[in-house]
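Engineer: A single structure is presented below for examination.
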Ligand SMILES: Cc1cc2nc3c(=O)[nH]c(=O)nc-3n(C[C@H](O)[C@H](O)[C@H](O)COP(=O)(O)OP(=O)(O)OC[C@H]3O[C@@H](n4cnc5c(N)ncnc54)[C@H](O)[C@@H]3O)c2cc1C
Ligand code: SF4
């Protein structure tokens, strides 16, 4: 028996079930840097650099523990082409790989093993609290798949913030109401920056390669300070808990110009690369809650993101793939405006969100959902193009987490599969939650006309267009209530202005 163990670029943990049963007599590890992974979507330079640097650092960690490793650098072949050559050369009987986070890779690896008649061992990813089988079983008897019920079940099962009577600590499951505050009208004040890391020689070598190989790809590397090792990721976690967690909850949804990280954790890339395990993140936060008497709303709000949303989203991905990638509930087919790749829009909310995305490879949740996502839905953009953009530009983007968030939450492309209604908002919401509108040439209160805010115009256009359907459903009926206050003439003007915007969205 000869086993080839593939470790993918987002599986950088020594706790892998494949390493647990490693047998140096029969097993060999392979890691592959494939150019195809960097350009099957037009990836941000920082995303490519983060993956390559973290992989190279992890290879050193494996070598330090004397694992036999073949590390293929900068290959122009796809992962499966490299694998094929290696499997044949070593006459392997087994190919082992923890279940990949992208369906296309899972299929390609499965197909390769079957073509070569090699036994495939693909264990479920132990990184997550909830296995795919467990999620499927949970979903099987539910009329509606909703985060809240899944999250409660996970809290109970894992005894997280649960009291002696099996009830939620603090008497309620959810403190969302306290977690949606805008910053004061004077702004957020001083925010402790997230911990950044000076690029070392390995990262700098990667940067040179990325600039040379992918010069036209979006984004920049000048601000790159992402954790690329487990030690750095642990330091980033510690820093977040000690200096930022206390403020995390209240201003989760707030936005402010040139405040790219707010009080957010900025830990998603480390979690998704497996530099951090969600259990240790939650354990650390719970410890801080006990020792430092942290506000329960902040702690619960954070734990809900990791134990709730992150696990739920991953479960949905494997439950609904591959159909999720093709879903297009509203049959939207308009192309992505070019400024999604440059930030050069007159809309200040877009300028800031896309601008920081290109600078750091990061935007926080509400920017992703209610700025770039909200616009994409209202402007009837093709879900495939929008999803490819999100997959390309965020350093934490891997399809299992990116696609359900885009298709499910932002675009309603999978209909009401796990949200009761589309997340849409007008410029009034953006104005309330940020200072973006202050000097924007568009006016959030105007629904049509040259100065009308595109978010506002398209919001009302969306409601007018779907009014009949929204009114049939008690969950969405309320959304259209305010339409009755807009005269038929004004509604017609909204529709006419929307046509102009939709056909000229590049010029916004
Ligand atoms: C349209 C859209 C696209 C997104 N694409 C991605 C993506 O590609 N990769 C990604 O990791 N997250 C994605 N998210 C979820 C969320 O926006 C990011 O996890 C978060 O912004 C990362 O920043 P942070 O680490 O500062 O998170 P925080 O806001 O501080 O939250 C803490 C952690 O909770 C987890 N989390 C929070 N919300 C979600 C969620 N909705 N789904 C899954 N995990 C969540 C993340 O691991 C995050 O690190 C997306 C959300 C939307 C609306
Ligand atoms: S006015 Fe409209 S376009 Fe301008 S920042 Fe506000 S929401 Fe964005």
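Conditions (1) within 15 Å of ligand 2 (Cβ to nearest atom); (2) at pLDDT 95 or above, marked per residue:
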residue	(1), (2)
395	no, yes
451	yes, yes
456	yes, yes
462	yes, yes
472	no, no
483	no, no
507	yes, no
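Engineer: Has segment 187-200 got any residue that is in a helix (DSSP H, G or I) and touching a residue at least 40 places away in the same chain (Cβ under 8 Å)?
Structural biologist: no
Engineer: With the condition kept exactly as written, say whether any residue in segment 307-330 is surrounded by 23 or more Cβ atoms within 10 Å (Cβ to Cβ), over 19 Å from residue 411 (Cα atoms), out of contact with any strand residue (DSSP E or B) (no Cβ under 6 Å at 6 or more places or on another chain) and in contact (Cβ under 8 Å) with a residue 12 or more places away in the chain.
Structural biologist: Yes; the residues of segment 307-330 include at least one that is surrounded by 23 or more Cβ atoms within 10 Å (Cβ to Cβ), over 19 Å from residue 411 (Cα atoms), out of contact with any strand residue (DSSP E or B) (no Cβ under 6 Å at 6 or more places or on another chain) and in contact (Cβ under 8 Å) with a residue 12 or more places away in the chain.
Engineer: Check segment 486-493 and report whether any residue there is under 29 Å from residue 250 (Cα atoms) and assigned to a helix (DSSP H, G or I).
Structural biologist: So far as segment 486-493 goes, no, none of its residues is under 29 Å from residue 250 (Cα atoms) and assigned to a helix (DSSP H, G or I).
Engineer: Another question, then. Only one residue in 457, 405 is touching a helix residue (DSSP H, G or I) at 6+ places or on another chain (Cβ under 9 Å), within 13 Å of ligand 1 (Cβ to nearest atom) and in contact (Cβ under 8 Å) with a residue 24 or more places away in the chain. Which one?
Structural biologist: Just a single option satisfies the conditions, and that option is 405.
Engineer: Looking at 412, 418, which one is at pLDDT 95 or above, under 24 Å from residue 474 (Cβ atoms), within 13 Å of ligand 1 (Cβ to nearest atom) and part of a loop (DSSP other than H, G, I, E, B)?
Structural biologist: 412
Engineer: A follow-up question, please. State all residues of segment 202-229 that are within 16 Å of ligand 1 (Cβ to nearest atom) and out of contact with any helix residue (DSSP H, G or I) (no Cβ under 7 Å at 6 or more places or on another chain); if no residue qualifies, say none.
Structural biologist: 225
Each row is one residue, and each column tells you yes or no for (1) crowded, with 17+ Cβ neighbours inside 10 Å; (2) in contact with a helix residue (DSSP H, G or I) (Cβ under 9 Å, 6 or more places away or on another chain).
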| residue | (1), (2) |
| --- | --- |
| 114 | no, no |
| 125 | yes, yes |
| 187 | no, no |
| 197 | yes, yes |
| 200 | no, yes |
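Engineer: Within segment 5-26, take every residue that is at pLDDT 95 or above and touching a strand residue (DSSP E or B) at 6+ places or on another chain (Cβ under 6 Å) and give me the one that is surrounded by the most Cβ atoms within 10 Å (Cβ to Cβ).
Structural biologist: 7
Engineer: Same structure again: Just need a number here: residues in segment 244-266 that are at pLDDT 90 or above, under 13 Å from residue 183 (Cβ atoms) and under 16 Å from the mean Cα position of the chain (by Cα).
Structural biologist: 1
Engineer: Here is a follow-up. I'd like the full set of residues that are in contact (Cβ under 8 Å) with a residue 60 or more places away in the chain and within 8 Å of ligand 2 (Cβ to nearest atom), limited to segment 439-449.
Structural biologist: If the condition is that a residue be in contact (Cβ under 8 Å) with a residue 60 or more places away in the chain and within 8 Å of ligand 2 (Cβ to nearest atom), then 440, 441, 442 are the ones that fit.
Engineer: Out of the residues in segment 338-384 that are part of a loop (DSSP other than H, G, I, E, B) and surrounded by 21 or more Cβ atoms within 10 Å (Cβ to Cβ), which is farthest from ligand 2 (Cβ to nearest atom)?
Structural biologist: The qualifying residue farthest from ligand 2 (Cβ to nearest atom) is 361.
Engineer: Further question: Is one or more of the residues making up segment 425-439 in a loop (DSSP other than H, G, I, E, B) and within 21 Å of residue 332 (Cα to Cα)?
Structural biologist: Taking every residue of segment 425-439 in turn, at least one turns out to be in a loop (DSSP other than H, G, I, E, B) and within 21 Å of residue 332 (Cα to Cα).
Engineer: Same structure, new question: I'm checking my understanding of the structure. Among residues of segment 42-73 that are in a loop (DSSP other than H, G, I, E, B) and crowded, with 18+ Cβ neighbours inside 10 Å, which one is farthest from the chain's Cα centre (by Cα)?
Structural biologist: It comes out as 67.
Engineer: State whether the residues of segment 166-174 include one that is assigned to a loop (DSSP other than H, G, I, E, B), out of contact with any helix residue (DSSP H, G or I) (no Cβ under 8 Å at 6 or more places or on another chain), touching a residue at least 24 places away in the same chain (Cβ under 8 Å) and surrounded by fewer than 17 Cβ atoms within 10 Å (Cβ to Cβ).
Structural biologist: no
Engineer: Taking only segment 440-457 into account, find how many residues are assigned to a loop (DSSP other than H, G, I, E, B), surrounded by fewer than 24 Cβ atoms within 10 Å (Cβ to Cβ) and at negative phi.
Structural biologist: 10
The values are calculated or read from the model by the stated rules, or taken from the named source; none is laboratory data. Predicted, not measured: the structure shown is a model, and the values here were computed from it. Positions of Cβ are generated from backbone atoms using ideal geometry, with glycine treated the same way; all protein chains shown enter the neighbour counts.
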